[in-house]
Every structure is written in structure tokens, then in C-alpha cells.
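See below for the structure under consideration.
All of the numbers you see were taken from the coordinates with simple rules; none came from a lab. Keep in mind that this is a model prediction, so the values were computed, not measured. A quick note on method: Cβ atoms are made from the backbone with ideal geometry, for glycine too, and the neighbour counts reach across all protein chains shown.
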Amino acid sequence: MKKTVWLAIAFAVVVVGFVILSTVGQNRVSCRACITFNGRQDCRTASAPTQQEAVRAAVSNACALLASGVSESTRCENTQPDSVDWLR
């Protein structure tokens, strides 16, 4: 095989290895957050490196279904969650 083929294979292996290590190697925190907005409630689960980021991601995911438009989404994401359950 040509040198460029070997270089492409090596590059692909490095990229895949990096993705696997960055995903598996981190200590992640998982939570389930429930939020009520405009009379509707939704609960979502999210994982992140910190507790604050995990809650923010779960609330943002729930608000994606509860709110429509940028201003409603912003208001929803600034609403305090009804409950946050930490998962193992």
C-alpha cells in the first residue's frame, strides 16, 4: 500500500481513539431535572462534567419541548427546576 493510505489509516485510528478516550475517560455527573413552564411539565436526563452543567443541560432539553421561540426558551431555561434527581 502507498504511504498516503497508511497515513490516512493512522489518522483515523488517532481520531477514533481520541473520541473514545474523551468520552469514556471523563468523570461525568448525571441528573434528571423536571420543570414546569406555561402549565406543562417535562423531565429530562443529562450528563456533564459538573453538576451545574448537568442541570443546565437537562433543563435546556426539557425547555426545548415546552417552549416555542427564542424568548420563551430563554424564560423557560431561567425557570427554577421543580426537582433534580442525581443518578449514579
The residue that is surrounded by the fewest Cβ atoms within 10 Å (Cβ to Cβ), considering only those in region 40-88 that are assigned to a loop (DSSP other than H, G, I, E, B) and small (Gly, Ala, Ser), is 69
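Picking from 28, 88, which residue would you name as being among the basic types (Lys, Arg) and out of contact with any Pro (no Cβ under 7 Å at 6 or more places or on another chain)? Give the derivation first.
On the way: 28 fails: out of contact with any Pro (no Cβ under 7 Å at 6 or more places or on another chain).
Exactly one residue qualifies, and that residue is 88.
Would you confirm, using the coordinates I've provided, whether residue 17 is exposed (fewer than 10 other Cβ atoms within 10 Å of the Cβ) and without any contact (Cβ under 8 Å) to a residue 12 or more places away in the chain?
On the way: exposed (fewer than 10 other Cβ atoms within 10 Å of the Cβ): no; without any contact (Cβ under 8 Å) to a residue 12 or more places away in the chain: yes.
In short, no.
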Condition set among the β-branched types (Val, Ile, Thr) and surrounded by 10 or more Cβ atoms within 10 Å (Cβ to Cβ), scope region 20-39, selection farthest from the chain's Cα centre (by Cα): answer is 36
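Do we find that residue 73 is under 26 Å from residue 22 (Cβ atoms), under 19 Å from the mean Cα position of the chain (by Cα) and among the hydroxyl-bearing types (Ser, Thr, Tyr) in this structure? I'd like the intermediate steps shown before the answer.
Numbers: under 26 Å from residue 22 (Cβ atoms): no; under 19 Å from the mean Cα position of the chain (by Cα): yes; among the hydroxyl-bearing types (Ser, Thr, Tyr): yes.
Considered against the rule, which asks whether it is under 26 Å from residue 22 (Cβ atoms), under 19 Å from the mean Cα position of the chain (by Cα) and among the hydroxyl-bearing types (Ser, Thr, Tyr), residue 73 comes out as no.
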